[in-house]
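Read through the structure below, which is laid out as structure tokens, and then see the notes.
The values are calculated or read from the model by the stated rules, or taken from the named source; none is laboratory data. It should be emphasised that the depicted structure is a prediction, and the values quoted were computed from it without experimental measurement. Note: ideal-geometry Cβ built from the backbone for every residue, glycine included; neighbour counts use all protein chains shown. In case anyone asks, the SASA skips ligands and DNA or RNA and just uses the protein heavy atoms, side chains included. Shrake-Rupley method; radii C 1.70, N 1.55, O 1.52, S 1.80 Å.
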Amino acid sequence: MRFVTIAALTCVPLSVAWGAAVENRSLPFAAIPQNRPAIDLDAELASIAPTGPGCVVGLKIAGAAPVTRAHGLADLEHLVPLTVDSVLETGSLAKQFTAAAMLLLVQDGKLALDDDIRRYLPEMPDYGIPITIRHLLTHTSGLREQWSLLALTGNGPGSQVHTQGTILDLASRQEGLNFAPGAEFLYTNTNYALAAIIIERVSGMSLQRFTEQRLFQPLGMGNSRWREDFRTVVPGRAMAYASTGDGFIANMPFTNVYGNGGLLTTIGDLLRWNAFLDHPSDLHDGEALVAALQKPGKLRNGTALEYSLGLEVTRAHGLRLISHSGSTAGYKAWLGRYPDKGISVAVLCNNGGVDPVDLGEKVAEHALNGSGYIEGGPASPAARKSAPLTGMTGTELTPYQGLFRNPVTGELVKVEVVDQQLTFQQGSAQVLAQLGESASSARTGVSCGLSGPRERPSN
């Protein structure tokens, strides 16, 4: 899942309702002055305790060798440090690879994006209006979120081992949709788990074998693989952790569902992938594939989306930003590019308390500043930061505590006051920030929303 701005959560309870560099490959960008200030990645990572789980960060600027840094521990029990070669899981960042695999099958003439998914998934019900593969990849299918449905059964993530068959069976039993296909956008992991099943059925191969042959090997991504079986021993894999307030506990994704997430990889491989997106001639028909990946989706009424196929295409610092984030168990990730400036940033963390989008955007902003770029336009809403709620005591914020229900998805979120701040919890806790006045919040004259871009969970 990328971190997404949630426009505004009205605070009225509803019914429960740089170490070693990887290889330097030339990219088609204007040369950047070589006297630019050095980007200090160590400084960006300094706030993370070196004795706990941490992050690996990579930065590639056109015309310069990639720079990577690792900070923190990969294994707290054996005190193994993270390195730039550590293998971590990406969460929903993996969706762009699933989408790319689907587009390869389109290029092979084996399917079309506007095919009805029931052609390949006959188990799915007929909802009257066809759900297409394009609907899956642009999150406009109306399908219900797999993890929320499983949680309602008491079998949510961490309580049992789920498989691709589990998700297909669950989806096939749904008698209705959240909305008519193509009518709305709603980020849903079910879409990409089903997309992975379609890829396997049409190609006759596992997603691992297909992407290894068609993407990973040709692009030199030798450290990337899908977590088809969470029990598989993966050399160099960093364990994932969640903070308990006075320490950490292991927090690993014990699931065999993939396509929506489940990609194991390294910082070097992610930078290689971004290099391909900027220089797509490395694959046959690569230009067409990348163009399709980055073409924003649209609703039936013509409304353009910021989501394309497994990627978000937004604007920040007056520039086009192409990115996606991910979160699964204690793993956090972000991969972003400013293609017009030849700047690429990758972040992989095994510390569930780290905000990888914030970290990655800071690195990118410093790189932009270091290149002499002066912002020429407004940042997108996703890139703007809101000020925390200030001047309000915990007592004044208490009326806004409660359990909230999303009327579209049925998902529950918890809002509570922690350390004199209003927090939003759906997975990891996030601080809410003041956005402005709202009629629904007349008592204090504020409305509130998440303080910045938030992660796209794949579990």
For this session: Scan around A240 for amide H atoms under 5 Å from its own, H built in the peptide plane at 1.01 Å from N, and keep only partners 5 or more places away or cross-chain.
Result: N251
For this session: Please give the peptides 154-167, 98-111 ranked by average Cβ packing (other Cβ atoms within 10 Å per residue), highest first, as a rough proxy for protection.
Result: 98-111, 154-167
For this session: Please grab the % of Cα pairs in the stretch 158-253 that end up more than 15 Å from each other.
Result: 75 percent
Exercise. With every protein chain left in place, what is the accessible area of W147 in Å² (1.4 Å probe, nearest 10)?
Worked result: 20 Å²
For this session: Go through 45-54, 228-237 and give me the packing order, highest mean Cβ count within 10 Å leading.
Result: 45-54, 228-237
For this session: Distance check, please: which entries in K110/K298; K95/K295; K298/K332; K95/K332; K60/K298 exceed 20 angstrom between their Cα atoms?
Result: K110/K298; K298/K332; K60/K298
Exercise. Tell me, what ³J(HN,Hα) does each residue in the stretch 113-129 have, in order and in whole Hz, if you take phi through Karplus 6.51 cos²θ - 1.76 cosθ + 1.60 with θ = phi - 60° and put x for Gly and Pro?
Worked result: 4, 8, 5, 5, 5, 5, 5, 10, 10, x, 5, 6, x, 8, 8, x, 10
